[in-house]
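Heads up, the thing below is written out as structure tokens.
The values are calculated or read from the model by the stated rules, or taken from the named source; none is laboratory data. What you see is a predicted model, and the numbers here were worked out from it, not measured in a lab. We place every Cβ from the backbone using ideal geometry, glycine too, and count neighbours over all the protein chains shown. Side chains are part of the model used for accessible areas, which takes the heavy atoms of the whole protein and leaves out ligands, DNA and RNA. Shrake-Rupley method; radii C 1.70, N 1.55, O 1.52, S 1.80 Å.
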Amino acid sequence: MGNIIKVSGPLIVAEGMADVKMYDVVRVSEKALIGEVIELRGDRASIQVYEETAGLGPGEPVETTGEPLSVELAPGLIGGIFDGIQRPLNKLRELSGDRIGRGVNVPALDHAKKWHFVPTMKVGDEVKNGDILGTVKENEVVEHRVLVPYGKSGTLVSISEGDYTVDETVAVLKDEKGEEHKLCMLQRWPVRRGRPYQTKLPPERPMVTGQRVIDTFFPIARGGVAAVPGPFGSGKTVVQHQLAKWADADIIVYVGCGERGNEMTDVLNEFPELIDPKTGEALMKRTVLIANTSDMPVAAREASIYTGITIAEYFRDMGYHVAIMADSTSRWAEALREMSGRLEEMPGEEGYPAYLSSRLAEFYERAGICKVLGGAREGSVTAIGAVSPPGGDISEPVSQATLRIVKVFWGLSSQLAYRRHFPAIDWLTSYSLYTDRLQAWYDRKVSPDFAICRDAAMRMLQEEAELDEIVRLVGVDALSSQDRMTMESAKSLREDYLHQNAFHEIDTYASMQKQYGMLKLLLDFHKAGLVALSKGASLNDILRLPIREAIGRSKYITESELSKIEELSAEMNRQFAALTEQGGAD
């Protein structure tokens, strides 16, 4: 038991805390506010409080729980909506109304609900940490695999099928010393410590997102890390929503870290209504939401990122492929800056703490594709963090620290957003360092020509940028017919291929086969146009061909009718053949 001697916003300093450890959870004042020890000096502890501290004063008690900040991991996570310290928001609303009351202490998961446990092991089996004891059907989509807790191994002396709460014993384990350990479905894990695994594996396949500009030009590997920086209004949140909806991940963990309430409300309203294309069920049935809005106490933002990544690692250990969306890490860094300032630490650039880069690296390095403990299962965590640099200036510390860590940079452009070009990912500044590593997968699963088409398209977009400078200086009439053809083809590539309508039922998602077919069609039109020009056809006649509009509308071809792309290709060849014969006759 200690006593408060100083209150500074979300920071509390208490004395008489000689027995506490770093990152222990404490209860502050008679209201039992949740706090976490972040600095120790003698018997004085600096505590960041995850709730509103107004009205607290010196002399009030502080009591330690003796445990680090941990999350509950058990059936019931999927479909849950939690705050930054894993309190279920629906329960909080029942207890305290529309505004979260202070000191409300509710368990993260329902400890009274019974789940039907089906063993996959039998009495007498040797088990070690990470092995799958049994399964629980969490919903129609997700099978929850109950794992042997970390640090436990031995022989099963009892295990039985039945309906259990998360606290009830489902199996009993006898270790080498002959001691018996009761195992239940509930595990607790400290959020600041990464869950262990056997070995990390090199990424070899992309996480297909259905977004053409991402999958074709700037792919992210399964188990990779990406950053989405961009100014206000450039579409960061919509990009993350699209990835949450369409990425080929088994589980989605969406962390709204310091976001505006209306953006999180959109997520909460949309996700239960969206139908998952792979299962036909609601998308929410494979999603965990952590909602930490900008009007919640600033310190809780710091915990929300760790809470999200720990839950993601738990599902990874079951053998699932998980995607975690963190929106946005800039708001999380603001929480670090706030606490660092109140601790009176030496500030780094722009007031951020000197350890900003290492904290960001701690988060992103917990992503990856792994051979997990227990058996030969593989699981992955793919981390995608949105960054909100003030005014879109990516030279600021959070953006620069993030770019030194991540392998994929999807730079959002305010100019593209103003032109209503979405996703507003700037193809001239973005990059992916996974492209070469993933090449074998594209050759095998899509087409051996895919890389050639992608490189040709990127060259065309770069040539357009160079020609655009000339056009601004001397006008379009100064260009040759071939250069004007390049400009028109690049325009088609931008408007018909890279532009994608997130709210159109067909255009919102494009499979890799459709992406390849569309891209090849656009490039073939460009090649055929250059050949026709060399044979005497006029540029205006080429641009007026009826097939050009049909190619532009190929984005609205459904996935079940991809053969129509072949028909368009045949029709294009016929129209160009007729045009060149006519040009030759002239």
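Other residues lying with their Cβ under 11 Å from the Cβ of Thr64 contribute a combined charge of -3, Lys and Arg counting +1, Asp and Glu -1. Using the beta-carbon distance between Asp248 and Glu67 and R0 = 22 Å, what value does 1/(1 + (r/R0)^6) give for FRET efficiency, to the nearest 0.05? Computed FRET efficiency for Asp248 and Glu67 comes out at 0.05. In region 369-467, Rg over Rh equals 1.05, where Rg is the alpha-carbon radius of gyration and Rh the Kirkwood radius from pairwise Cα distances.
Were the residues from Glu466 through Lys278 laid out at 0.36 nm apart, the gain over their Cα-Cα distance would be 63.5 nm. How many percent of Cα pairs in region 118-246 exceed 21 Å? Cα-Cα pairs in region 118-246 separated by more than 21 Å: 59 percent. Normalising the average separation of contacting C-alpha pairs (under 8 angstrom, six or more residues apart) by the number of residues puts the relative contact order of region 334-479 at 12 percent. When you restrict to C-alpha pairs under 8 Å that are six or more residues apart and normalise by the size of the chain, the relative contact order lands at 13 percent. Here the label points at Val106 and Ala550, each 7 Å from Cα along the C-beta direction, are separated by 5.9 nm in the simple model. Each residue, Leu473 and Ala440, gets one label point 7 Å from its Cα in the Cβ direction; the gap between the two is 4.6 nm. Sorting the segments 290-299, 326-335, 115-124 by their mean number of nearby beta carbons within 10 angstrom, highest to lowest, gives 326-335, 290-299, 115-124. Rounded to the nearest 20, the size of the Cβ-charge dipole of region 23-144 about its Cα centre is 240 debye, with Lys and Arg at +1 and Asp and Glu at -1. For region 277-432, DSSP calls about 55 percent of its internal beta bridges antiparallel. When both bridge partners sit in the chain, DSSP labels roughly 70% of those beta bridges antiparallel. The residue list Gly124, Phe82, Val25 was ranked by how far each Cα lies along the charge dipole of region 1-133 toward its positive end, using unit charges on Cβ atoms, and Phe82 comes out on top. In region 22-121, the portion of solvent-accessible area held by carbon and sulfur atoms comes to 50 percent [1.4 Å probe, whole percent, DNA, RNA and ligands not counted]. Within the shell of other residues whose beta carbon sits under 9 angstrom from the beta carbon of Lys371, the net charge comes to +1, with Lys and Arg scored +1 and Asp and Glu -1. For region 402-505, the list of GluC sites (Glu not before Pro) that fall in a loop by DSSP and count at most 14 other C-beta atoms within 10 angstrom reads Glu505.
When each of the peptides 235-246, 276-287 is scored by the mean number of other C-beta atoms lying within 10 Å of its residues, the order from highest to lowest reads 235-246, 276-287. Length gained on full extension, Ser563 to Lys128: 151.5 nm, using 0.36 nm per residue less the C-alpha separation. Based on C-alpha pairs under 8 angstrom that are at least 6 apart in sequence, region 73-202 has a relative contact order of 22 percent. Once you list every other residue whose beta carbon is under 11 Å from the beta carbon of Glu396, what net charge do they have if Lys and Arg are +1 and Asp and Glu are -1? Result for the neighbourhood of Glu396: -3. Extension gain for Glu345-Asp266 works out to 24.7 nm (0.36 nm per residue, less the C-alpha to C-alpha distance). Using R0 = 25 Å, the C-beta based FRET efficiency linking Lys91 and Arg44 works out to 0.15. Exactly which trypsin sites (Lys or Arg not before Pro) in region 377-420 are in a DSSP loop and have at most 10 other Cβ atoms within 10 Å? Sites meeting the loop and neighbour criteria: Arg404, Arg420.
Ranked by the mean number of other Cβ atoms within 10 Å of their residues, highest first, the peptides 358-364, 261-267 come out as 358-364, 261-267.
For region 406-530, the Cβ-based charge dipole about the Cα centre amounts to some 420 debye (Lys, Arg positive; Asp, Glu negative; other atoms uncharged). About the centre of its Cα atoms, the chain shows a dipole size close to 600 debye [charges on the beta carbon of Lys, Arg (+1) and Asp, Glu (-1) only; nearest 20 debye].
Between Lys535 and Glu571, the C-beta separation translates, for a Förster distance of 22 Å, into a calculated FRET efficiency of about 0.70.
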